[in-house]
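Following: one structure in structure tokens, then a few remarks.
The values are calculated or read from the model by the stated rules, or taken from the named source; none is laboratory data. Keep in mind that what you see is a predicted model, and the values were worked out from it rather than measured. Backbone-built Cβ (ideal geometry, glycine too); neighbour counts: all protein chains shown. These accessible areas exclude ligands, DNA and RNA; they are computed on the full protein's heavy atoms, side chains included. Shrake-Rupley method; radii C 1.70, N 1.55, O 1.52, S 1.80 Å.
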Amino acid sequence: RDRLRSRGLGDVYKRQAYFTWESDRLVVNAAGRGRRTLTVPGEVDGRPVTALASDTFAGCSTLEKLTIQQNITALPDGLFAKCPALQEITLTQPDPARLSVGQALLDGAPAFCRIRVPAASYTSYCLSYAWSPYAETFAH
């Protein structure tokens, strides 16, 4: 840890510390469940993170803001079903075609939850067949 901090990678280590692998699926661990903000890391325990399971955020009852980085390629239905405090999801992927999504992504999430997309990609997300059902929730 100290070596990571000395190289300026402390934030990367912290992000990884809130997630763990369980039977080949990434989940938020006990340390992460009580956090109000989380960022999905690019890798955990040396393994790349490219997709999330529908129960990745189970038990995150205080999670308000989540950042999903470009390394993620799929968001399953019901991903935020057990996140009653979730207010904002930030997607950093500029190309909506590189991030697959189902029709029930926000099922169970609060109605006031917003999806923040890159400003330059706002129109692309709105016009994307897969993402257009969420256009009313987009912010940039």
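Taken over segment 16-41, the criterion of being in contact with a helix residue (DSSP H, G or I) (Cβ under 6 Å, 6 or more places away or on another chain) and part of a loop (DSSP other than H, G, I, E, B) is satisfied by Tyr18, Pro41. Looking across Arg47, Arg33, Arg25, one residue alone is in contact with a Cys (Cβ under 6 Å, 6 or more places away or on another chain) and either open to solvent by 40 Å² or more (accessible area, probe 1.4 Å) or polar (S, T, N, Q) (or both). It is Arg33. On inspection, Ala85 qualifies as open to solvent by 20 Å² or more (accessible area, probe 1.4 Å), within 14 Å of Thr37 (Cα to Cα) and of a type in the set (Gly, Ala, Ser). Can we say Tyr129 is in contact with a strand residue (DSSP E or B) (Cβ under 7 Å, 6 or more places away or on another chain) and hydroxyl-bearing (Ser, Thr, Tyr)? So Tyr129 does not fit the description; no.
Evaluation of Ser61 against the conditions (1) on the phi > 0 side of the Ramachandran plot; (2) open to solvent by 40 Å² or more (accessible area, probe 1.4 Å); (3) among the small types (Gly, Ala, Ser) shows that the sole unmet condition is (1).
List pairs: first residue in segment 44-64 and under 19 Å from Pro110 (Cα atoms), second residue surrounded by fewer than 16 Cβ atoms within 10 Å (Cβ to Cβ) and among the hydrophobic types (A, V, I, L, M, F, W, C) anywhere in the structure, Cβ distance under 9 angstrom, at least six positions apart or on different chains. Every condition considered, the pairs that remain are Gly59/Ala30; Cys60/Ala85; Ser61/Ala85; Thr62/Ala85; Leu63/Ala85; Glu64/Ala85. Considering the conditions (1) surrounded by fewer than 16 Cβ atoms within 10 Å (Cβ to Cβ); (2) touching a helix residue (DSSP H, G or I) at 6+ places or on another chain (Cβ under 6 Å), Thr73 is excluded by exactly one of them, (2).
Each row is one residue, and each column tells you yes or no for (1) surrounded by 14 or more Cβ atoms within 10 Å (Cβ to Cβ); (2) modelled with pLDDT of 95 or more; (3) at positive phi; (4) among the charged types (D, E, K, R).
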residue: Leu91; (1), (2), (3), (4): yes, yes, no, no
residue: Pro94; (1), (2), (3), (4): yes, yes, no, no
residue: Ala97; (1), (2), (3), (4): no, yes, no, no
residue: Leu106; (1), (2), (3), (4): yes, no, no, no
residue: Ala111; (1), (2), (3), (4): no, no, no, no
residue: Arg116; (1), (2), (3), (4): yes, yes, no, yes
residue: Ser121; (1), (2), (3), (4): yes, yes, no, no
residue: Ser128; (1), (2), (3), (4): yes, yes, no, no
residue: Trp131; (1), (2), (3), (4): yes, yes, no, no
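Per the conditions (1) touching a Gly at 6+ places or on another chain (Cβ under 8 Å); (2) of a type outside the set (Phe, Trp, Tyr); (3) more than 15 Å from Ile115 (Cα to Cα), the sole criterion not satisfied by Leu38 is (3).
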